[in-house]
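No value in this document is a laboratory result; all are computed from the given coordinates. A quick note: this is a predicted structure, and the numbers were derived from the prediction, not measured. Because the Cβ atoms are built from the backbone with ideal geometry, glycine has one as well, and the counts that use them run over all protein chains shown.
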């Protein structure tokens with residue numbers, strides 16, 4: 001639940017708690033919050049173990065679609081195409097790898113140099129600009 005909270009966020013929460021509650025009540029609030037979180041975690045683990053006991057082997061059947069859903073949630077479009085359409089063969093995507101196109105030292109392919117287009121040279125010198133045509137219906 002709080003797996004994404006880092007040390008920076010914790011420090012900000014402690015400073016906000018120090019300002020709002022004051023130094024006298026902050027340790028008690030931290031103790032109460034940690035106790036409430038520990039109790040909630042115990043309730044959740046107790047409910048999980050009770051479900052496991054009540055359902056028996058069907059509990060694993062219940063968890064299987066959820067694990068498949070988690071696996072699909074982390075799948076990128078490239079991985080999905082590779083797995084379902086190309087049966088795991090990702091050699092089709094080798095031509096489109098950005099590292100190979102840039103010619104980075106980590107790529108195994110040859111370095112590709114970008115081709116610069118020739119600069120266009122006007123065949124006729126531009127004449128002095130005339131009045132700009134204005135179309136009130138076009139705007």
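Residue 65 meets the conditions (1) exposed (fewer than 10 other Cβ atoms within 10 Å of the Cβ); (2) assigned to a helix (DSSP H, G or I); (3) over 25 Å from the mean Cα position of the chain (by Cα) in every case but one. The failed one is (3). Close contacts from the range 63-89, counting a first residue that is over 18 Å from residue 51 (Cβ atoms) and a second that is surrounded by 10 or more Cβ atoms within 10 Å (Cβ to Cβ), with Cβ to Cβ under 6 Å and a gap of 6+ residues or different chains, come to 82/90. With respect to the conditions (1) within 30 Å of residue 12 (Cβ to Cβ); (2) over 32 Å from the mean Cα position of the chain (by Cα); (3) in a helix (DSSP H, G or I), residue 39 falls short on a single one, namely (2).
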